[in-house]
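Notes follow the structure.
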Amino acid sequence: MPINECCNTKVVCCDTDASLPDVAALMRKHHVGDVIVVQQKDAQRVPIGIVTDRDLVLETIALRVEAEAFTAGDLMSTPIVTVREDEGFIEVLRLMREHKVRRMPVVTAGGALFGIVTADDIINLLAMELSMMTGAIVEQPEREGRLRK
């Protein structure tokens, strides 16, 4: 299955000059743990970094520094690891493991932001698929019993 079939296309984004309190406010407003930092290129959003809720805590609060003094561009993890929208599900898992990331922007062939896939998305998808398989396993003996009376 290509990742574009199961990724989230509603990506929360900001520019490099967004203040960290504004980034945190975006996370709170949209109930997400990350904001993708983008750059406009030919009228398209191109991901250049990511700021996570963990970044905010570890790099500002834990160090007792004023978050207002920094921008998304100061704190973002870059270069960002992305995956093409036509990549398969297993390749995405391999890349996430290889790069030790839990969130990965999905991009078009031209590098424009298409969506995002997270570890939570993958776990939800796998749980749904396992549930469907469990249903088939449980229902099979019942079906066989009805057919072979």
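In a DSSP loop and with at most 10 other Cβ atoms within 10 Å, the trypsin sites (Lys or Arg not before Pro) in segment 36-107 are ARG64, LYS100. Computed with every protein chain present, the accessible area of ILE123 is close to 110 Å² [probe 1.4 Å]. Given the choices [x] 14.8; [y] 17.2; [z] 16.0, Kirkwood radius over Cα pairs in Å derived from the coordinates of this structure is entry [y]. Residue separation of GLU5 and SER77 scaled by 0.36 nm, minus their Cα-Cα distance, works out to 23.3 nm of gained length. Express the carbon and sulfur contribution to the solvent-accessible surface of the chain as a percent, rounded to the nearest whole number, probe 1.4 angstrom. In the chain, the share of accessible area belonging to carbon and sulfur is 53 percent. Here LYS29 is the anchor, and the lysines within straight C-alpha reach of less than 24 Å, apart from those fewer than 8 places off in the same chain, are LYS10. By the rule of a C-alpha distance below 13 Å, with chain neighbours fewer than 8 residues away ignored, the aspartates and glutamates paired with LYS41 are ASP15.
Among GLY110, GLY73, GLY135, the residue with the largest mean-square fluctuation in a Gaussian network model of the chain, with springs joining Cα atoms closer than 10 Å, is GLY135. Under the membrane-span-like helix rule (DSSP H runs whose alpha carbons stretch at least 18 Å along the helix axis, mean Kyte-Doolittle hydropathy 0.0 or higher), the chain yields 119-147. Near VAL12: Cβ cut-off under 9 Å, other residues only, Lys/Arg at +1 and Asp/Glu at -1. The net charge is +1. With R₀ set to 25 Å, the beta-carbon distance separating ASP120 from ARG84 gives a calculated FRET efficiency near 0.75.
In the context of the full set of protein chains, residues of the chain present 66 Å² of accessible surface per residue (probe radius 1.4 Å, heavy atoms only). Distances between placed amide hydrogens fall under 5 Å for PHE70 paired with LEU20, all partners being 5 or more residues away or on another chain. In the chain, the DSSP-assigned H stretches of four residues or longer account for a calculated mean residue ellipticity at 222 nm of -12000 deg cm²/dmol, using -39500 (n - 2.57) per stretch and the full residue count as denominator. Within the straight-line cut-off of under 17 Å between alpha carbons, the aspartates and glutamates reachable from LYS149 are GLU139, sequence neighbours fewer than 8 places apart in one chain being disregarded. The GluC sites (Glu not before Pro) of segment 64-149 that meet both conditions, a loop assignment by DSSP and at most 12 other Cβ atoms within 10 Å of the site Cβ, are GLU66.
The values are calculated or read from the model by the stated rules, or taken from the named source; none is laboratory data. In this text the structure is predicted, and so the values were computed from the model without any measurement. Don't worry about glycine lacking a Cβ; one is built from the backbone with ideal geometry, like all the others, and counts go over all protein chains shown. Note: accessible area is taken over every heavy atom of the protein model, side chains too, but ligands, DNA and RNA are not part of it. Shrake-Rupley method; radii C 1.70, N 1.55, O 1.52, S 1.80 Å.
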